[in-house]
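Here's the structure, in structure tokens; my notes come after.
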Amino acid sequence: MADKIKAGHVHMSGCTGCEVAIADNYGGLLTLLDKYVDWVYDLTLADVRHIPKMDVALVEGSVCIQDKLSVQEIKETREKSAVVVALGGCACYGNITRFGRGGQPNQPQHESYLPIGDLIKVDVYIPGCAPTPQMIRNVCVAAYLLLKGTKEQQELAKKFLTPLMQLADRSTSACGCDLMYDVINQGLCMGCGSCAAACPVRAITHEYGKPNVNREMCIKCGACYAQCPRSFFNFDVITEFEAILELFDGALK
Ligand code: SF4
Ligand code: SF4
């Protein structure tokens, strides 16, 4: 087995649910740690107090811009990590933390929370509140195979990661119209309702099982786009899905 990659968890303003999702991999987490990943940084799971150099940093939570330490920490994470992953809705698009307005105990000075993509360049999104344990595990294995696998493994890992990288590229600039053009009008929508549930201003309604976006209400926050499973589970991934599943199953045996 080639060298493991160095990965860690950086905790910004989130509820720790994403970290719980990492731990919820149970035996899969142990396989991950045995074979693929050295877990070099984590406030609760590693006895390390300064952000080290990492191949992959999984960042949970948004950033309070009144908190200088948090702003400094996210910038340091970017400087020291080859790949920065926005782990979960708060890091990807702000999620519930968008509603922070200050005055709340015990940090009344904290008012404005930004998704990490508004402060640094993000390479990969793993949306979800919280993301599924399997998705986190698969991204870690795919990152390993992309860096250290055979040519065939690299190609499949890239297929799996590309939509998540494209999602990060669009960052928080995607809007409800993009969802209409890229997902609904392409016939990819399966009517799950995640977009309507994620929209903080209720600009999306469900009509006959399909979402309808009220463009005048849309604040272009990107929440619906990131939360839509078909924005990252698209035609390219679907057509290679069996091979990708076999890749992960084989890697985690
Ligand atoms: S406001 Fe609603 S419809 Fe507009 S981008 Fe955000 S989540 Fe999507
Ligand atoms: S989240 Fe995506 S798949 Fe689900 S209803 Fe909205 S557009 Fe359709």
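All of the numbers you see were taken from the coordinates with simple rules; none came from a lab. Just so we're clear, the structure is a prediction, and the values are computed from it rather than from any experiment. For neighbour counting, all protein chains shown are included, and Cβ atoms are generated from backbone atoms with ideal geometry for every residue, glycine included.
Worth pointing out:
- Modelled label positions at Asp47 and Lys148, each set 7 Å beyond Cα in the direction of Cβ, lie 2.4 nm from each other.
- Compared with the direct C-alpha span, the chain from Asp3 to Gln109 gains 33.7 nm at full extension, assuming 0.36 nm per residue.
- DSSP-loop trypsin sites (Lys or Arg not before Pro) across segment 77-136, with at most 14 other Cβ within 10 angstrom: Arg101, Lys121
- Candidates Gln227, Gln107, Gln153: whichever shows maximal mean-square fluctuation once the chain is modelled as a Gaussian network with Cα springs under 10 Å: Gln107
- With bins 5 Å wide beginning at 0, the percent of Cα pairs of segment 11-59 falling in each bin runs 5, 18, 27, 29, 18, 3, 0.
- Our summary of shape: the Cα atoms of the chain have principal axis extents of 54, 47, 28 Å, ordered from largest down, in whole angstrom.
- Adding -39500 (n - 2.57) for every DSSP H run of four residues or longer, then dividing by how many residues the chain holds, sets the calculated 222 nm ellipticity at -11500 deg cm²/dmol.
- The equivalent ellipsoid of segment 129-253 has semi-axes of 30, 14, 12 Å, largest first, where each one is the square root of 5 times an eigenvalue of the Cα gyration tensor.
- Where N is the number of residues in segment 1-140, Cα Rg divided by 2.2 N^0.38 Å: 1.02
- Cα-Cα pairs of segment 173-234 separated by more than 13 Å (percent): 52
- Only Lys, Arg (+1) and Asp, Glu (-1) charged, at Cβ; the chain dipole about Cα centre in debye: 380
- Neighbour cut-off at most 12 other Cβ (10 Å), DSSP loop, chymotrypsin sites (Phe, Trp or Tyr not before Pro), segment 5-102: Tyr26
- Per residue, the convex hull spanned by the Cα atoms of segment 57-103 amounts to 63 cubic angstrom.
- Cα→Cβ-extended label distance, 7 Å offset, between Leu30 and Val201, nm: 4.9
- For segment 117-253: relative contact order, % (alpha-carbon pairs under 8 angstrom, 6 or more apart): 28
- Here the simple spin-label model places points 7 Å from the Cα toward Cβ, and for Leu188 and Ile65 these points are separated by 3.0 nm.
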